[in-house]
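What follows is one structure encoded as structure tokens, with my remarks underneath.
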Amino acid sequence: MTRNHRALATATLIFLLLIGVGGCWSAQELNNRAFVNTVLIDRTEDGQVELTLGIPLPNRMIPGEAGGTGQPEGDPFSFITRRAENLSQALNLIQIDVPRNVTFGQTRVVVVGRREAEHGLDEVVEFVFRQPSFRLSASLFVTPGEVKEITKAPMVFERILSDILRKYVNNHYVLDTTVKDYKLALYQGGDILIPLLSFGELPDIAKENPKTTRWMGSGGAAIFSGGKMAKIELTPLEHRTALWISSQLKNTTLTLPSPTDEKEISFYIEGIKTSINPKVQGDQVSFKVDSSAKAYIEASLSRIDLKDPQVLRELEKLLSKDVEEQFIHVLDKTRKARSDAFLMSQYLDWSHPKIWHSMQDQWKNYYAKELPIEVDVKIKLNRTGGVFRSVVHETNR
């Protein structure tokens with residue numbers, strides 16, 4: 001290596017090191033930005049778009065910043081709402097009233113009201129994809145009524161609304177449907193499942209403000225067909241089954257009547273694995289859904305003898321059959337809504353692209369009315385707990 005080459009290499013290394021410690025990559029200071037972490041979108045009765053942005057307030061989040069040494073007073077976030085003919089105009093109206101530049105780099109949640117969901121989310125996705133800083137991994141939710149109802153939910157366990165909704169996803173309580181997932185689903189017909197929130201009055205729950213009785217929780221799931229929310233929905237129990245079919249469920253609890261005395265037996269299910277596989281024989285296309293899991297008995301009110309291997313095998317069959325029936329019920333519900341919500345068309349496209357393209361135009365009708373779907377669930381009962389018989393009956397002898 002010549003002297004000139006060594007000098008060039010040294011200068012390049014110094015330049016790279018200076019870049020690494022140069023600080024901000026943008027000329028825009030952080031103090032001049034309003035970081036949106038929650039986007040709420042709805043449609044009014046007269047057809048206008050309603051955009052609400054949830055923005056944290058830094059001056060209320062850090063103790064001592066509000067002129068004292070204790071916890072700052074007031075909510076640590078604010079919701080700003082504007083209505084317009086489209087989302088771009090609504091965003092511009094919000095930006096005019098906000099002293100900082102609105103940025104979507106930290107947006108983690110997009111919540112859509114029922115009226116907008118039934119109208120279709122094409123405009124929502126188009127708006128999001130045009131924002132360079134918007135996270136395509138942001139989670140999608142739908143509300144059963146007006147989306148602004150979510151702003152009334154009390155912040156009990158978390159300080160920020162988006163933190164609560166993300167915990168629902170991270171803990172596998174709801175389907176993890178992202179903006180990117182919805183965009184990809186549009187290429188296959190716009191069929192997908194999006195978690196549906198629930199709101200209610202729970203006066204028995206203790207809160208900081210006793211007058212506040214509102215509560216928010218995870219509900220069922222909205223079925224989308226052709227990019228629009230269908231009238232048919234999944235209940236919370238069916239939503240859990242949808243999580244199982246989608247391989248997003250880590251563990252759950254099932255309760256079944258005992259085959260001997262109809263008393264309840266509760267099973268803890270874990271190690272869940274599910275696969276969806278297309279089968280092509282000639283011109284006939286079918287699907288098989290295979291699922292396996294491990295279980296142990298969490299509680300039993302039955303006199304059944306769990307020490308008997310034959311009894312355990314019978315319980316395994318009952319468990320497997322019960323889950324198979326739940327799978328079939330949820331699949332039938334999506335077929336009734338004419339929604340390939342579990343994206344079986346994508347599995348067919350990946351494995352048999354020629355077959356998929358030949359029947360792409362007829363897929364909706366074929367999935368809804370003709371597609372054979374076989375379900376096979378195998379649950380292995382590994383443990384019976386610390387005892388073989390019900391503790392209740394043992395102590396009442």
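Bear in mind that the values in this text are calculations on the coordinates, not laboratory data. Please read these numbers as outputs of a predicted model, since none were measured by experiment. Every residue, glycine among them, receives a Cβ derived from its backbone with ideal geometry; neighbour counts consider all protein chains shown.
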task: Just list whichever of K148/K250; K231/K263; K180/K273; K148/K231 have alpha carbons separated by over 29 Å in the model shown.
output: K148/K250; K231/K263
task: Using R₀ = 22 Å, calculate the FRET efficiency as 1/(1 + (r/R₀)^6) where r is the Cβ-Cβ separation of K228 and T44; round to 0.05.
output: 0.80
task: List the aspartates and glutamates whose Cα lies under 15 Å from the Cα of K336, skipping any in the same chain that are fewer than 8 positions away.
output: D191, E233, E238, E370
- request: Run the quick spin-label model on E325 and D305: label points 7 Å from Cα toward the beta carbon, then report their separation in nm to one decimal.
  value: 2.7 nm
statement: If amide H atoms are modeled at 1.01 Å from N in the peptide plane, then the residues at a separation of 5 or more from G145, or on another chain, having amide H under 5 Å from its own are R114
- request: For region 244-397, just list the percent of Cα-Cα distances falling in each 10 Å bin from zero outward, please.
  value: 10, 35, 24, 17, 10, 3, 1
field: Length added when fully stretched, S286-E85, from 0.36 nm per residue minus Cα-Cα
entry: 67.9 nm
message: I'd like to compare 337-346, 133-142: which one has the highest average count of other Cβ atoms within 10 Å, and what's the full order after that?
response: 337-346, 133-142
message: Could you tell me the ratio Rg/Rh of region 261-302? Both radii from Cα atoms, Rh via Kirkwood.
response: 1.31
- request: Can you figure out the FRET efficiency of K180 with R100, using R₀ = 35 Å and their beta-carbon distance, to the nearest 0.05?
  value: 0.80
message: Could you give the length gained by full extension between K354 and S266, i.e. 0.36 nm per residue of separation minus their alpha carbon distance, to one decimal place?
response: 27.1 nm
task: Return the aspartates and glutamates within reach of K294: Cα separation strictly under 16 angstrom, same-chain partners fewer than 8 residues apart disregarded; answer none if there are no such residues.
output: E270, E314, E316, D322, E324, D376
field: Simple label model, 7 Å out from Cα along Cβ direction - Y366 to Y296, nm
entry: 4.6 nm
- line: Quarter of the surface of the C-alpha convex hull for region 213-335, i.e. direction-averaged projected area in nm², equals 11.5 nm²
